[in-house]
1. Please note which helices (runs of 4 or more DSSP H) are completely contained in the stretch 259-371 and include at least 1 residues that are in contact with a Pro (Cβ under 6 Å, 6 or more places away or on another chain) and either in the same structural domain as Leu56 (by TED's automatic domain parsing) or of a type in the set (D, E, K, R) (or both).
2. Kindly list the number of the only condition in (1) under 26 Å from Leu290 (Cα atoms); (2) in contact with a helix residue (DSSP H, G or I) (Cβ under 6 Å, 6 or more places away or on another chain); (3) of a type in the set (Lys, Arg) that fails for Lys332.
3. Restrict the check to the stretch 430-439 and report whether at least one residue is surrounded by 13 or more Cβ atoms within 10 Å (Cβ to Cβ) and closer than 30 Å to Leu285 by Cβ.
4. Which condition from (1) farther than 26 Å from Ser253 by Cβ; (2) of a type outside the set (Lys, Arg); (3) without any contact (Cβ under 8 Å) to a residue 12 or more places away in the chain is the one that Glu193 breaks?
5. When you look at Ser60, is it in contact with a strand residue (DSSP E or B) (Cβ under 9 Å, 6 or more places away or on another chain), polar (S, T, N, Q) and either assigned by TED's automatic domain parsing to the domain that holds Tyr156 or at negative phi (or both), yes or no?
6. One residue is enough: does the stretch 221-240 have a residue meeting the conditions assigned to a strand (DSSP E or B) and under 22 Å from Ala424 (Cα atoms)?
7. If you scan the stretch 134-161, which residues turn out to be under 15 Å from Leu338 (Cα atoms) and surrounded by fewer than 19 Cβ atoms within 10 Å (Cβ to Cβ)?
8. Need pairs with beta-carbon distance below 7 Å; first residue at negative phi and within the stretch 137-148, second β-branched (Val, Ile, Thr) and buried (at least 19 other Cβ atoms within 10 Å of the Cβ); sequence gap 6+ or separate chains.
Amino acid sequence: MRKRKTITVLCLIAAIAVVTGCGGTKPGAAGEPDKSADAPKKPVINTTPATLKIYLSNSSLSDQDVKTLIEEPVKKLYPHISIETVKNGKGATIEELVASGQTPDIFYTNIADIGKYKRLGLLGDITPLLKPNGVDFNRFDAQMLAGASSEQGEVYGLPFFAHFNANYYNKAIFDKFGVSYPQDGMTWEDTIELAKKVSRVDAGVTYRGLDFDTIARLAMPLAITLVDAKTNKASVNSDGWRTVFTLAKEIWSIPNNKPDKLNSFQARNWFMQDQTIAMLPYNNLLNIGLEEASKNGLNWDLVQYPSYKGKPNLYAFVDAQIFSISQTSKYKEQAAQLLSVVTSDEVQLLSARKTARFSSLKNPAMRDALGADMPFLQGKNLKSIFKSTAPAAPAFSPYDSSDVRNISFKSFEDYMKGKDLNTALREAEEKINQWIETNKMK
């Protein structure tokens, strides 16, 4: 009887094994759930031929960059995709393109412009488009991704790279006047004192010790904006902007250090082409003119970006360039395929090595490879770049525009000419609110 029961049990076990084998799926270990049903499915690739129009809202990508970092790698992986670029300019602003029914499929722009694109109805959460293409958000720098997203976690675009900041200096000017070079860890006060020593006129040439380009750049480490994103009201009459106006006036009031035109966006040309500025705290110039300037005799290096007192080792807030997909595009799936390629490890590493761009990915290999294939950077103090970090980007109002910025520039000029600081800021606040009211969304 016992023998018969044993045979029955063995037969039952064998039967279960046969049924399990026929199922074709190996179960998990004892006590573990079978996760096979949750395994990600291989995405179905839409291979419909598409020519994607990419809108370049700024000049931070050259034609060669577009070819090397976008067109060639995308064509290699997705031969059904072709691209055309549309550059921002007269007759081709994003507003003009939308009005004429020529809205591009993809936008390449700065995170500060997200509000404007939302106002035009062009942006939405692209997460559902990206995940089927294997885009893992955990690969990205958290602050860069947050800057391209809403507070609710809607992803409006993928960060491609971010600008770092450094204090570039002309070694020849310091050598000419026998002054020691700037060093890492300097505050703005330290930098101003050093600038005073090299702001001189020699043989009819005015050498200016320090230029910061615009007051907008000085504001970035404080992560302040001109318009509050929640209220859509001016926010310039504040302690943060008082600090910026005061610092800017102190720098441009150094004898022999005031430029012919304030807030002109010309500082990098004066540094690289004219070679008459001793120090230029600025964002990434490694791929914008420094190689050519080096060939033309500029003897330069860089150190850590100057810090505000009480805010050591901070440079400008996260200043990322993003790729986003138009909500009106007929080729959203193909656009998502393109975004997955340009943010891949392969393309990001290529970008870091050949163009010295600060990758949007957390992978430390990207940082280690910065400028590795750019011979003119060999021996430069690139490690100083990584001694500072970027604070999180503030939220941007769709009204935080170039027109509003120009109002702040004019108010600063009034302050430089002698107007009381509080009066200048109050008047800027009033004028910005008037502009917002006039241009309020219908």
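1. 332-342, 345-355
2. Of everything listed in (1) under 26 Å from Leu290 (Cα atoms); (2) in contact with a helix residue (DSSP H, G or I) (Cβ under 6 Å, 6 or more places away or on another chain); (3) of a type in the set (Lys, Arg), Lys332 misses just condition (1).
3. no
4. (1)
5. Numbers: in contact with a strand residue (DSSP E or B) (Cβ under 9 Å, 6 or more places away or on another chain): yes; polar (S, T, N, Q): yes; either assigned by TED's automatic domain parsing to the domain that holds Tyr156 or at negative phi (or both): yes.
Judged against the criteria, Ser60 is a match.
6. So far as the stretch 221-240 goes, yes, one or more of its residues are assigned to a strand (DSSP E or B) and under 22 Å from Ala424 (Cα atoms).
7. Gly134, Asp136
8. Gln143/Val318; Met144/Val318; Gly147/Ile111; Gly147/Val318; Ala148/Ile111; Ala148/Val155; Ala148/Ile322
The values are calculated or read from the model by the stated rules, or taken from the named source; none is laboratory data. Given the structure is predicted, the values throughout are model-derived calculations rather than measurements. So basically every Cβ, Gly included, is an ideal-geometry build from the backbone, and we count neighbours across all protein chains shown.
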